[in-house]
Amino acid sequence: MTSTSPHPERLPRDRSISRPDALTIVLVHPRIPQNTGNVARLCAATGSRLHLIQPLFTIDDRKLRRAGLDYWHLLDVRVFPDWTAWQTEHQLPLQNGRAWFVEVGGQTYYGDAAFQAGDCLIFGDEGKGLPQEILRQYPNQTLHLPQQGVRSLNLSNAVAVVCYEALRQLNWRGSPSIT
């Protein structure tokens, strides 16, 4: 199955820096371009893949600039028309790695998860989180981040925390900073 992109010319994959054992960050119905831009930058910095599940905001030049998405050329990014298309292509449970669903009521503390190369880290939209029908399918694969006094963390912050914990466990050291 081939995924679609609203503007494939703006999402080139030929210069991607993702690794074969890379994590995949999945954003289900992201609504705020700036959060997606921050996650895109994180994926470029860590060599992670980025999968976006529609519906999502309209990707246009103005929003791309405001969101800081000048990193698209470094990404292995795919846009899927819906969750079913992503799930069908990835045949959960995944053959190379697993899927972790990060949500405020998740069953497992994110630091207690045993991440593996190739894992998918799946996050819901900024207002509603992951759909309950998805969470019900994978109750033993849900993670939560500790918090108090707020409804939830910013999406891009939550993605960064979980991504870097997974990379820490995988002993990923990256490469020297680019100056």
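Just so you know, all these numbers are worked out from the coordinates, no wet-lab data involved. All values derive from a computational prediction rather than experimental measurement. All Cβ positions, even for glycine, are placed from backbone atoms using ideal geometry, and neighbour counts span all protein chains on display.
Annotation for segment 121-159: trypsin sites (Lys or Arg not before Pro) lying in DSSP loop with at most 14 further Cβ atoms inside 10 Å of their Cβ are Lys128, Arg151.
The length gained by stretching the chain between Gln91 and Gln147 to full extension, at 0.36 nm per residue less their Cα-Cα distance, is 16.9 nm.
Note on Glu165, Glu89: ascending count of other Cβ atoms within 10 Å places them as Glu89, Glu165, the fewest first.
What FRET efficiency comes out for the pair Val104/Asn140, r = Cβ-Cβ distance, R0 = 25 Å, nearest 0.05? My answer for the efficiency is 0.90.
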